[in-house]
Amino acid sequence: MAPEPFHRRNSEPRPLDGSLEALSRRLGLEGAVGVGRLFAGWSDIVGAAMAEHVQPVRIDATALVVTVDHPAWATQVRRLGDTLLDRASEYAGVERPGRLEVRVRR
């Protein structure tokens, strides 16, 4: 017997741009353009050298979460906390997250 199909509340196909807009609003961003701008422009926000070691993971109104490849980069990013939050929100044209969360990749 075949498994039951997955059912959404509205089983009609939806345009991708509408889904991205809805997701972005839930993340506290003004739209998918802001999310894309943040991730695409990450090296402009933090600089090329830092972008090689620090990657954005998630952003919403409460936090910008980044991963780093070494504890030394975590220290550097934490020192830049408020400046980084300001630059990221200004660059992406989104509400400034309340905090910066730094995770060290293993």
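The set of residues in region 58-90 that are surrounded by fewer than 16 Cβ atoms within 10 Å (Cβ to Cβ) and among the hydroxyl-bearing types (Ser, Thr, Tyr) comprises 62, 75, 83.
Which of the residues spanning region 44-67 are among the charged types (D, E, K, R) and within 12 Å of residue 87 (Cβ to Cβ)?
At the first step, the residues of region 44-67 found to be among the charged types (D, E, K, R) are 44, 52, 58, 60.
Of everything in region 44-67, just one residue is among the charged types (D, E, K, R) and within 12 Å of residue 87 (Cβ to Cβ), namely 44.
Figure legend. Inter-residue proximity from region 64-78: first residues without any contact (Cβ under 8 Å) to a residue 40 or more places away in the chain and over 17 Å from residue 97 (Cβ atoms), second residues among the aromatic types (Phe, Trp, Tyr) and part of a helix (DSSP H, G or I), beta-carbon distance below 7 Å, spacing 6+ or different chains. No pairs are indicated.
Out of curiosity, is residue 38 surrounded by 15 or more Cβ atoms within 10 Å (Cβ to Cβ) and at pLDDT below 95?
Values: surrounded by 15 or more Cβ atoms within 10 Å (Cβ to Cβ): yes; at pLDDT below 95: yes.
Against the criterion (surrounded by 15 or more Cβ atoms within 10 Å (Cβ to Cβ) and at pLDDT below 95), residue 38 qualifies.
The values are calculated or read from the model by the stated rules, or taken from the named source; none is laboratory data. Here the structure is a predicted model, which means the values were calculated and not measured. All Cβ positions, even for glycine, are placed from backbone atoms using ideal geometry, and neighbour counts span all protein chains on display.
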